[in-house]
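Here the structure is laid out as structure tokens; the discussion comes afterwards.
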Amino acid sequence: SQAQPQYQEPAIQQPAVMAQTTGTHWPQFVNNNRLIGALVAGFGATQLATMFGYWIYGLGIMEGPLDFAFFNGVILTPNATANEAGFAVSQWFAGMGFHYFNGMVFALAYALVIFPWLGKTHTTSSNLARSLGMGMFLATASCGWWIPALHPEDVIGIDPGFFSINLGWGTVLGVYLWHLVWAVALGLFFNPQD
């Protein structure tokens, strides 16, 4: 007797380049690389909040932008020479560099010290709650100490007063909104799922 030929499935042609449908998602990456995740989160959060600070006057809360680069630059290089337009370029760059450095250091402190101290988390909501706590703490420290202590009347032309209230309610609200944007971005970027 002759053997019957076996039925074989037709060969499926594979594309030359396979689409990647699996891989490491950001929360999983942050689980395994907390330092890199914190640095990325700190830079991203600071960038988004800085853009918000420059655009906040469009909301009608403040008369001008909330320019932390200018504030830091005045402290770091008080004797910088202004150009014809009255703008000290070196002062702005020094202030912006320090501003980003601060944003990333606070993000590292949050991610590597405060976050683990608070225990494990399983949801994005709990991560956001933690980062919001950090952001509101920094906003309170900024209005309550940083601005009044480091920006006396002879530097900005007005005594900030207790809790910076002499600068107007819009400035105080603006500082809190700036830190709210920073905190939300930080919580979304640094979102490990333990």
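Tell me, what is the Rg over Rh of the stretch 29-77, with Rh the Kirkwood radius over Cα pairs?
With Rg and the Kirkwood Rh in hand, the quotient comes to 1.17.
For the stretch 101-131 and the stretch 62-84, write down the distance between their C-alpha centroids in whole Å.
Cα centroid of the stretch 101-131 versus Cα centroid of the stretch 62-84: 30 Å apart.
First measure r as the distance between the Cβ atoms of Ala149 and Leu59, then evaluate 1/(1 + (r/R0)^6) with R0 = 41 Å and state the FRET efficiency to the nearest 0.05.
Once rounded, the FRET efficiency stands at 0.90.
Please compute the Cα-Cα pair-distance distribution of the stretch 124-194 with 5 Å bins starting at 0, giving whole percents from short to long.
Here the calculated profile for the stretch 124-194 is 3, 18, 23, 18, 13, 10, 8, 4, 2, 1.
How far, in nm, would the chain grow between Ser126 and Phe43 when pulled straight, counting 0.36 nm per residue and subtracting the alpha carbon separation?
Once the chain is fully extended between Ser126 and Phe43, it gains 27.7 nm.
Work out, step by step, the length gained on full extension between Trp117 and Asn102: first 0.36 nm times the residue separation, then minus their alpha carbon distance; give nm to one decimal.
Roughly 3.3 nm would be gained on extension.
Tally Lys and Arg at +1 and Asp and Glu at -1 over the other residues with C-beta under 13 Å from the C-beta of Ile56: what net charge comes out?
Residues near Ile56 contribute -2 overall.
For the stretch 44-119, just the Cα set please: Rg and Dmax, both in angstrom.
Rg then Dmax for the stretch 44-119, in Å: 15.3, 54.
May I ask you to compute the full-extension gain from Thr81 to Gln193, defined as 0.36 nm times their residue separation minus their alpha-carbon distance, rounded to one decimal in nm?
Length gained, Thr81 through Gln193: 35.4 nm.
Mind listing the phi-derived Karplus ³J(HN,Hα) values for the stretch 126-133, rounded to whole Hz, using 6.51, -1.76 and 1.60 with θ = phi - 60°, and x for any glycine or proline?
Coupling constants for the stretch 126-133: 5, 5, 5, 4, 5, 5, 5, x Hz.
May I ask for the Kirkwood hydrodynamic radius of the stretch 81-176, worked out over all distinct Cα pairs and given in angstroms to one decimal?
After inverting the mean inverse Cα-Cα distance, the result is 15.8 Å.
Every number in this text was worked out from the coordinates using simple rules, so none of it is lab data. Owing to the predicted nature of the structure, the values given are computational and were not obtained by experimental measurement. FYI the Cβ positions are ideal-geometry reconstructions off the backbone, even for glycines, and counts take in every protein chain you see.
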